[in-house]
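Structure record follows, encoded as structure tokens.
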Amino acid sequence: MNPSREKTVSSAALRCALGLAAVFAPMVVAAMERPVSRHASPPPIIRLLARIAPPQPKPEPVMALVWKGADIDGDGSPDFANPTGAVPRGHDVFGDGFFGARRDGGSRAHEGVDYVAAAGQAVRAPMSGYVTKIGYAYAGDTSLKFVEITNPALGYAARAFYVSPQVEVGASVHLGQTIGVVESLQDHYPGITEHVHLEILAPGGDRVNAAQLITPTMVAVVDGSVGNSAE
């Protein structure tokens with residue numbers, strides 16, 4: 001190899017190395033003075049993509065059905081509650097469970113609302129007040145009973161039928177308190193949907209539609225709880 005050319009190449013390589021050292025030396029010194037953090041911020045391209053990427057959709061909330069009782073006296077608290085926590089009875093071989101449904105071939109109207117239940121489950125007080133009567137659902141038949149609760153302040157009364165009572169006449173009960181358990185109707189009406197028949201008597205004694213006083217609503221479940229169902 002030509003000695004002069006070898007000297008020229010060596011000089012060029014030396015100048016290149018010195019140039020690279022001049023460029024990277026400040027970076028090395030800075031790195032030594034400020035070590036890389038374990039939680040270094042993401043590169044600019046990642047931050048840019050995060051800003052322009054479409055937002056991830058939020059998961060749909062889990063909803064639950066609860067029953068809201070009307071506030072008759074305007075104190076901010078419900079005055080009525082669903083006695084079983086279930087929906088009104090729909091149509092079955094014995095008819096319909098809504099208020100005013102045809103009974104006895106149309107000769108009379110259904111005077112209450114039937115709330116679906118399971119035999120043996122707890123029945124809750126449909127309103128606060130005093131137990132003023134425990135009677136029989138049908139004359140001459142002692143197998144099926146009802147519990148009557150009267151609220152003197154409101155002037156309303158409620159009767160829950162097909163209940164095996166766990167309260168006595170004269171007892172004070174509060175809204176939603178267990179007052180008994182559901183009695184099976186199968187011996188009396190084979191094949192009927194088990195239910196509690198609820199009658200609400202307004203001041204003066206007229207029966208009114210319980211479904212207008214106890215209405216369903218959907219609320220979001222938060223941490224496994226639906227919060228205040230205001231029943």
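Overview of values
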read-out: Net length gained if the chain between V208 and Y138 were fully extended (0.36 nm per residue, minus Cα distance); value: 23.1 nm
read-out: Cα-based reach from K68 at 20 Å (exclusive), listing aspartates and glutamates while leaving out same-chain residues under 8 positions away; value: D79, D114, E199, E231
read-out: Neighbour net charge for R108 - beta-carbon separation under 14 angstrom, K R +1, D E -1; value: -1
read-out: Extended-chain gain in nm, criterion 0.36 nm per residue less alpha-carbon gap, E60 and S164; value: 33.3 nm
read-out: Cβ-derived FRET efficiency at R0 41 Å, I46 paired with M218, nearest 0.05; value: 0.50
read-out: Residues in region 177-216 reached by a label modelled at D92 [backbone nitrogen below 16 Å; 7 Å Cα→Cβ]; value: 182-198
read-out: Fraction of accessible area attributable to carbon and sulfur, region 144-231 (%, probe 1.4 Å); value: 48
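The values are calculated or read from the model by the stated rules, or taken from the named source; none is laboratory data. If you're wondering where the values come from, they're calculated on a predicted model, not measured in any experiment. Because the Cβ atoms are built from the backbone with ideal geometry, glycine has one as well, and the counts that use them run over all protein chains shown. We work out accessible area using only protein heavy atoms, side chains counted, and drop any ligands, DNA or RNA first. Shrake-Rupley method; radii C 1.70, N 1.55, O 1.52, S 1.80 Å.
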